[in-house]
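All of the numbers you see were taken from the coordinates with simple rules; none came from a lab. All values derive from a computational prediction rather than experimental measurement. Cβ sites come from the backbone with ideal geometry, for glycine too, and all protein chains shown count toward neighbours.
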């Protein structure tokens, strides 16, 4: 009997998974009275279950490269890793020595990207982008239907969409970026290994489950430490500041061709932060707020994020947002969700420049003194309807 099989039969691996989740609790324990609040304690316990649930899905369920399937690893019910409210994220297992077919309907998302990881995404930070293809080069029919083959070697005579992957490939991620939450439609996709036989020849084995559980332990320990460190980099940035990274820094394993902005906000209930940003020439941009655990603040029920289509630019072409605890009655409000200290996250996709946003702390009652006179007023009734429409659009998209 192998060591892996014995670890399953004896229950030792079950114990190790439980211990790893307990160790993960180090990311939600507070010693500083300045940060140990009822809200953060509640969000911390919820986050621990979310991160475990995401890892169980990625490591245990979406783990068969012979019979892969797509599953969502971040959405309205499972926020982690500062997920982007404008995206649908799906992942499937692959193996670098096999060929796969992805087919279906591409949908009408503003941007569509498929990237392969080597090794598996769960091995963060020790993975990289193997290869990718996006909506600029993916050929689809007029109705959005397409076929994509990916593998170590292009089949003889095949002239369609193709993506070469190397021997270390273990997972594949599809990102769909939505700018218009109402009008744009998600994709319908199927992935299959081209030489799979049906029905599957064997049942789930103890050794296979053990390998998956071991990956889950690494997700909780090593990857959990990495994501926590990334979050703390933002939280520990100078108060009310944000800086964009070079595009090249996304190449290791982020969203290819995207520059990330990372920073923090500090804002008391009677204060506000004015964020100013002049958009460069780019395909997409957005800003959003995150909490202590790098969860995006309840984006489906609060206006905690805005993208290039949702935002209002002033006459001088500048995006001015107000980060505040209560509604300042202006279009570009970013709701803190009750947090006095959190992260600010920007994204620039296919950009020709990386600008430097500014952030200024001001008294809440003086917000309009720092905005152009032409800034419209948003009434309570109008905001209520905006949030209702936002929530409806988010849930319709994510239930697709």
| Shape call, segment 130-172: gyration tensor on alpha carbons, a/c limit 1.5 | oblate
| Distance in nm between pseudo-label sites at residue 3 and residue 392 (7 Å out along the Cβ direction from Cα) | 5.8 nm
| message | Could you check the spin-label model distance between residue 326 and residue 385? Points 7 Å from the Cα along Cα→Cβ, value in nm. | response | 2.4 nm
| task | Return the FRET efficiency for the residue pair residue 36, residue 156: r is the Cβ-Cβ distance, R0 is 45 Å, and the value is rounded to the nearest 0.05. | result | 0.10
| request: On a 0 to 90° scale, report how tilted helix 38-55 is relative to the longest principal axis of the chain, with both axes built from alpha carbons and the result rounded to the nearest 10. | output: 30 degrees
| query | Beyond 23 Å, what share of the Cα-Cα pairs of segment 132-245 remains, rounded to the nearest whole percent? | reply | 60 percent
| field | Ratio of Rg to Rh over segment 3-227 (Cα coordinates, Kirkwood Rh, two decimals) | value | 1.01
| field | Largest-first principal axis extents of the Cα set of segment 303-394 (Å) | value | 39, 33, 30
| Going by how many other beta carbons lie within 10 Å of each one, how would you line up 283, 117, 400, fewest first? | 400, 283, 117
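Apply 1/(1 + (r/R0)^6) to the Cβ-Cβ distance of residue 192 and residue 137, taking R0 = 22 Å, and write down the FRET efficiency to the nearest 0.05.
About 0.50, to the nearest 0.05.
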| query | Where does the chain land at 222 nm, in deg cm²/dmol rounded to the nearest 500, when only DSSP H runs of n ≥ 4 count, each adding -39500 (n - 2.57), divided by all residues? | reply | -6500 deg cm²/dmol
| field | Residue order, fewest to most surrounding Cβ atoms within 10 angstrom, among 120, 395, 266 | value | 395, 266, 120
| To the nearest 10 degrees, how steeply does helix 380-398 sit against the main Cα axis of the chain, on a 0 to 90 scale? | 10 degrees
| message | Can you compute the FRET efficiency between residue 206 and residue 66 using 1/(1 + (r/R0)^6), with r the Cβ-Cβ distance and R0 = 22 Å? Round to the nearest 0.05. | response | 0.80
| said: Can you compute log10 of I(q)/I(0) for the chain with the Debye formula, treating each Cα as one identical point scatterer, at q = 0.07, 0.09, 0.12, 0.14 Å⁻¹? | reply: -0.35, -0.58, -0.99, -1.30
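Hey, fewest Cβ within 10 Å first, where do 158, 89, 370 land in order?
In increasing order of surrounding Cβ atoms, one gets 158, 370, 89.
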